[in-house]
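The values are calculated or read from the model by the stated rules, or taken from the named source; none is laboratory data. Just so it is clear, the structure is predicted and the values come from calculations on it, not from any experiment. For neighbour counting, all protein chains shown are included, and Cβ atoms are generated from backbone atoms with ideal geometry for every residue, glycine included.
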């Protein structure tokens, strides 16, 4: 297919502009992160970040409308990564099984989700010292669970009101948090890399062994069969005892 030279040039210029925007955004975030880690989150102003980055204060705000996101700027990447764990898993692999494999690989490679990356203790200390950052972490976790709920519902072809996708999404986010924090504490306690990895593997396997029973059906590729409700009949609660179930 033939494209006019002017059209190709416009595409090239658009690519350059987009790359420049990404580079500027990353530069601002990197500078802000360094300043926050050196002085603390609340002690650094947007104006100071703009001055060091050699951009206007409004430029910083345009890229990061919330100050907290200068430090916590990887949330969307995390959502995309976890979504790929679900959508790109091998045929026949349960969703929770895919998460187990992913977390074990993160531990083996000492990646961010394992909590054992050497730079994480200093990075996370800034969050622990800042109520604003802690609140933003909670907001991002809720947004992550909501996004994963939609991905899982689409992947399993379940209706929006089915509880299974939301339950699985909450397990996803809660498990990530537990594994990350355990890895962080293992690193802080002075364990060697090998000891920390062994501890993480035991935790991950223990958690997923706990999920293996009734939760396994929620992570399969087939939704559990349910009988139609009778006239005036309400669905059973998720935590109903055997005697309470219809």
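Tabulated values for the structure
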item	result
Subset of region 77-94 that is at pLDDT below 90 and part of a helix (DSSP H, G or I) - its residue that is nearest to residue 181 (Cα to Cα)	78
Candidate set from region 40-51 (those that are without any contact (Cβ under 8 Å) to a residue 24 or more places away in the chain and loosely packed, with under 15 Cβ neighbours inside 10 Å); member that is farthest from residue 26 (Cα to Cα)	43
Selection status of residue 155, surrounded by 13 or more Cβ atoms within 10 Å (Cβ to Cβ), more than 16 Å from the chain's Cα centre (by Cα) and assigned by TED's automatic domain parsing to the domain that holds residue 210	yes
Verdict on residue 186 being modelled with pLDDT under 90 and surrounded by 16 or more Cβ atoms within 10 Å (Cβ to Cβ)	yes
Residue ID - surrounded by the fewest Cβ atoms within 10 Å (Cβ to Cβ), chosen from residues in region 108-126 that are in a helix (DSSP H, G or I) and over 16 Å from the mean Cα position of the chain (by Cα)	122
Matching residues, region 55-76, being in contact with a helix residue (DSSP H, G or I) (Cβ under 9 Å, 6 or more places away or on another chain) and not in a helix (DSSP H, G or I)	55, 56, 64, 66, 67, 72, 73, 74
